[in-house]
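S.K.: Right, I'll just put the structure down here and ask away after.
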């Protein structure tokens, strides 16, 4: 895993299924299933290769290796790895997409000021 | 037109190269080509503001950068990959195996009417399953703004049945970088979340449209302009 981690890391293993709203102030690694919403405004979310996230996501950074269905608002950056399957609109300052990643949705690249406004 | 194109399909299907034709070296090789159609479109996106662009090819970071850097909105939707969803396979009234175009359009190209200024079709019509081509073009007509433009590439017969399917990256105002698409054989999650393997080894040229077929395909559009390229490809710029 090479997520842009910024401190402590919480992990949701591949056998874990969560339905509801997740929020926190540490980086989160999801290799299981999450359905609902994820809010990590100053931290990063990584969806592991087995991860299946069906949620709206707000985070500083988002790395996707598995499946993510829902809109993503990242104040810093979004990385779609080659195994990523993303369905939803993405707004971020920076985005990187590896060859083979699948994305279905709108991409909105925002300046720093816009991204901060969107996060509020 | 259907019978002609179906004959070409029969001619082409099963005659393409096997997996050995899709070596990693070939897949990673990038070719550069000039595109007159792209050059004409570029004049629009270089002079107009806040355009809404739909890219129907493989997800391309260079294309996203190209449009967002100019202040345009870009939507990405890889229709060829979406068409490999196994749940789409059904049979028509004659018992022929086809893809369910209604289901396909219920899951894809779901946008408001008259939403897009520019649609980049690339080589989609040549590789998309026959049962999806007309319904997809019909949906594109409805989601494009009047006066909106669509760019598509069509092979000529000289291209041959084994013409590889490429992803297209915009690297200049009239320059494309082309990279061969190789479908991975391992199971992967499709757009709807189902784990599956592709229904074919790779995207194969399904048919060759002649100019009349192309005009017929886009008959509901306001105008059509052809650009003949040197690499056995006709570029077509269609205005809604």
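S.K.: Ordered by packing density, taken as the mean number of other Cβ atoms within 10 Å over each peptide's residues, highest first, how do B:36-46, A:26-36 rank?
M.R.: Top of the packing list down: A:26-36, B:36-46.
S.K.: Averaged over its residues, how many other protein chain Cβ atoms are within 10 Å of peptide A:33-40's Cβ atoms?
M.R.: 0
S.K.: Please give the calculated 222 nm ellipticity per residue for chain A, where each DSSP H segment of at least 4 residues contributes -39500 (n - 2.57) and the sum is spread over every residue; nearest 500 deg cm²/dmol?
M.R.: -2000 deg cm²/dmol
S.K.: Also, quick follow-up: Rounded to the nearest 0.05, what FRET efficiency do residue B:162 and residue B:40 have when you use their Cβ-Cβ distance and R0 = 45 Å?
M.R.: 0.90
S.K.: Grab the alpha carbons of chain A, take their convex hull, and tell me the volume per residue in Å³.
M.R.: 82
S.K.: Averaged over A:76-88, how many beta carbons belonging to a partner chain fall within 10 Å of each residue's beta carbon?
M.R.: What the average comes to for A:76-88 is 2.
S.K.: Let me ask something else. How do B:221-228, B:153-160, A:42-49 rank on mean C-beta neighbours within 10 Å, highest first?
M.R.: Final packing ranking: A:42-49, B:153-160, B:221-228.
S.K.: With a 10 Å Cβ neighbour count serving as the proxy for reagent exposure, in which order, fewest first, do B:70, B:180 appear?
M.R.: Ranked by crowding around the Cβ, least crowded first: B:70, B:180.
S.K.: Next question, about the same structure. More than 18 Å apart: what percent of Cα pairs in the range A:38-81 qualify?
M.R.: Percent of Cα pairs beyond 18 Å in the range A:38-81: 11.
S.K.: Additional query: When ranked by the protection proxy of mean other Cβ atoms within 10 Å per residue, highest first, what sequence do the peptides B:102-114, B:132-144 form?
M.R.: Highest to lowest by the protection proxy: B:132-144, B:102-114.
S.K.: For residue B:69 and residue B:30, compute 0.36 nm times the residue count separating them, minus their Cα-Cα distance, and round to one decimal in nm.
M.R.: Result for the pair: 11.7 nm of gain on full extension.
S.K.: Please compute the average number of Cβ atoms from other chains found within 10 Å of each residue's Cβ in peptide A:94-103.
M.R.: Rounded to a whole number, the mean comes out at 6.
S.K.: Ok, one more. Between residue B:219 and residue A:8, what's the calculated FRET efficiency when r is the beta-carbon distance and R0 is 56 Å? Round to 0.05.
M.R.: FRET efficiency, residue B:219 to residue A:8: 0.40.
None of the figures in this text is laboratory data; all of them are computed from the coordinates on show. Quick caveat: nothing in here was measured; it's all calculated off a predicted structure. Cβ coordinates were reconstructed from backbone atoms using ideal geometry, including for glycine residues, and neighbour counts include every protein chain displayed.
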